[in-house]
Amino acid sequence: MKVCGIVCEYNPFHNGHKHQIDVIKNRLGYDTVVGVMSGNFTQRGDVAVFDKSVRANAAIMNGMDLVVDLPTVHALQSAEIFAENAVFILNALGVDALSFGSESEDLDSMKRLAQLFVKESPEFVSALKSELRQGKPYHLARSSAASKILGGGCGDILKEPNNILAIEYLKALLRLDSPMIPHPIKRDSSHHNDSEIYGSIASATAVRSGLKNQNPSALSAVPDNCGKLYKQSKIHDIERLSTAIISKIILSDAELIRKVPDVSEGLENKIKKAARDSKSFSELCDNIKSKRYAHSRIRRILINFLLGITADNASVRPQYIKILGFGSKGQMLLNHKKKTCPLPLAKNRNAVKNNPAAAKLWDRELQFDMIYKLSEV
């Protein structure tokens, strides 16, 4: 059994995702595909448009063999933490390869960048500090520093969002000393944040927007068997949690906000001030945003704070592998991995009840799911 893993969010599952699975099976020759999927909260700092069970089901209907959960405490973090914990789960499952979408197919250059960032040579650290002293945001400073050391071509790779995430996957493979073979698959039909639907392949951003606005064209960009599933499923919107988020900020001390991942340089005070002047989640984000703090980072911080997730929580590795869905090949893989997987393979709480740390995390995920339900439109 040749197994390839995908780190995914499927927010929602669309034709581009099906294309990736088809390429893995038909062109790359893997017979089994495993997805580590963000649950009900996503890395861009949002609630998933559909419940994780709906999204897992859509993937299984379209060629995915096994879908497992990426815990919320890791899904809601920076690209580095998100990628490393997802790859950690795939590594624990013993998959043979990792496939990811990217704007570039230059795997050698992406590997060189990953090695540069993992090793953090004195030359790179010095160049990065020099760029940061000029007042550049971290991602631009890092790109400039990499260009100085590896050449402009490598720096250009860092301008595209999927390339950046791909490099984080490669960094994770290095840090975990994983034998997984990386397979980039070029994205060339739509861009990451395209807001319009032009054909059968569209960005998840455009599909989400279309579904929320009941635009029929959104269904042209998803597999036929997903259309009925999506029509029958409840849509979720982060704006429904606006009052809860703003109220909690107003009622909390700044010191509590400071414990949230990615909060630094007095940002907690700006968040407190912005909450007093905001009536919605989007308005709150706009009131906090600056050149130094990207919108997605602010959104993650706010949702982490709502859920009570601290930097310490995010630093703990997954304690179990929660199974969200599987087909016949996925069941075969689970049966094969029962004795060799270092983490419990859990379909329900009984699999973790004798492990206090894992059981505590399982119960907390259920609390997160209850809060997610409040975002139902």
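The values are calculated or read from the model by the stated rules, or taken from the named source; none is laboratory data. Keep in mind it's a predicted model, so treat the numbers as computed, not measured. Note that each Cβ is placed from the backbone with ideal geometry, even for glycine, and that neighbours are counted across all protein chains shown. These accessible areas exclude ligands, DNA and RNA; they are computed on the full protein's heavy atoms, side chains included. Shrake-Rupley method; radii C 1.70, N 1.55, O 1.52, S 1.80 Å.
Taking H as built 1.01 Å from N, whose amide H comes closer than 5 Å to the amide H of His183, not counting residues under 5 places away?
Excluding prolines and chain starts, which carry no amide H, the hits are Leu98, Ser99, Phe100.
What does the charge count near Leu173 come to, summing +1 for each Lys or Arg and -1 for each Asp or Glu among other residues with Cβ under 12 Å from its Cβ?
Computed value for this residue: 0.
Treating only the Cβ of Lys, Arg, Asp and Glu as charged (+1, +1, -1, -1), what charge dipole size does the chain show about its Cα centre? Round to the nearest 20 debye.
The dipole magnitude comes to about 680 debye.
Enumerate the calculated ³J(HN,Hα) couplings along the range 225-242 in order (Karplus 6.51 cos²θ - 1.76 cosθ + 1.60, θ = phi - 60°), each rounded to whole Hz, writing x wherever the residue is Gly or Pro.
6, 8, x, 5, 4, 5, 5, 8, 9, 6, 8, 10, 9, 4, 4, 5, 9, 4
Over the range 196-316, how many percent of alpha carbon pairs lie in each 10 Å bin up to the one with the longest distance?
Taking all Cα pairs of the range 196-316, the binned fractions are 12, 36, 24, 22, 7 percent.
If you roll a 1.4 angstrom probe over the protein chains with everything in place, what fraction of the accessible area of the range 1-93 belongs to carbon and sulfur, to the nearest %?
Looking at the range 1-93 in its full context, I get 47 percent from C and S.
Can you spot the aspartates and glutamates whose alpha carbon is less than 16 Å from Lys353's alpha carbon? Ignore those fewer than 8 places along the same chain.
Excluding near neighbours in sequence, the set is Asp363, Glu365.
Which of Lys248/Lys338; Lys129/Lys289; Lys129/Lys248 have a Cα-Cα distance over 32 Å?
Cα-Cα > 32 Å for Lys248/Lys338; Lys129/Lys248; rest within.
Would you mind putting 153-163, 114-124, 176-186 in packing order, based on average other-beta-carbon counts within 10 Å, highest first?
Going from most to least packed, we get 153-163, 176-186, 114-124.
How much length is gained on full extension from Ser328 to Thr340, taking 0.36 nm per residue of separation minus their Cα-Cα distance?
Stretched out fully, the Ser328 to Thr340 stretch lengthens by 2.4 nm.
Starting from one equal scatterer on each C-alpha and no solvent at all, send me the Debye-based log10 I(q)/I(0) for the range 2-87 at q = 0.19, 0.20 Å⁻¹, two decimals.
Evaluating at q = 0.19, 0.20 Å⁻¹ gives log10 I(q)/I(0) of -0.79, -0.87.
In whole angstrom, how far apart do the alpha carbon centroids of the range 313-377 and the range 223-291 sit?
26 Å
Would the chain count as rounded, prolate or oblate if I go by the C-alpha gyration tensor, calling it rounded below 1.5 in a/c and otherwise prolate when a/b exceeds b/c, oblate otherwise?
Here the chain falls in the rounded category.
With the Cα gyration tensor of the range 330-370 in hand, convert its eigenvalues to equivalent ellipsoid semi-axes via √(5λ) and list them largest first in whole Å.
Working through the eigenvalues yields semi-axes of 22, 12, 7 Å.
Using amide H atoms built in the peptide plane, which far-off residues or other-chain residues are under 5 Å from Phe41 H to H?
Close amide H contacts, sequence-distant or interchain: Ala48.
Using mean Cβ contacts within 10 Å as the protection proxy, how do 88-95, 348-355 order, highest first?
88-95, 348-355
With the full set of protein chains in place, find how many percent of the accessible area of the range 109-247 is carbon and sulfur; take the probe as 1.4 Å.
C and S fraction of accessible area: 49 percent.
Going down the list Lys52/Lys360; Lys159/Lys291; Lys212/Lys322; Lys52/Lys186, which pairs span over 18 Å between their C-alpha atoms?
As for pairs spanning more than 18 Å Cα to Cα, those are Lys52/Lys360; Lys212/Lys322; Lys52/Lys186.
With both bridge residues required to lie in the chain, what share of the DSSP beta bridges run antiparallel, to the nearest 5%?
Antiparallel bridges: around 20 percent, rounded to the nearest 5.
Would you mind getting the accessible area per residue of the chain, heavy atoms of the protein chains only, 1.4 Å probe, in Å²?
The answer is 45 Å² per residue.
Return the sequence-ordered ³J(HN,Hα) values of the range 98-114 in whole Hz as given by the Karplus equation 6.51 cos²θ - 1.76 cosθ + 1.60 applied to θ = phi - 60°, using x for Gly and Pro.
Per-residue couplings from phi come out as 10, 10, 8, x, 7, 6, 10, 9, 7, 4, 4, 5, 5, 5, 5, 5, 4 Hz.
Just to compare against my own numbers: the Cα pair-distance distribution for the range 262-377, 5 Å bins, whole % per bin, please.
Pair shares across the bins are 2, 9, 15, 16, 14, 13, 10, 10, 6, 4, 1, 0.
Listed highest first by mean packing, meaning other Cβ atoms within 10 Å per residue, what order do 47-59, 363-375 come in?
47-59, 363-375
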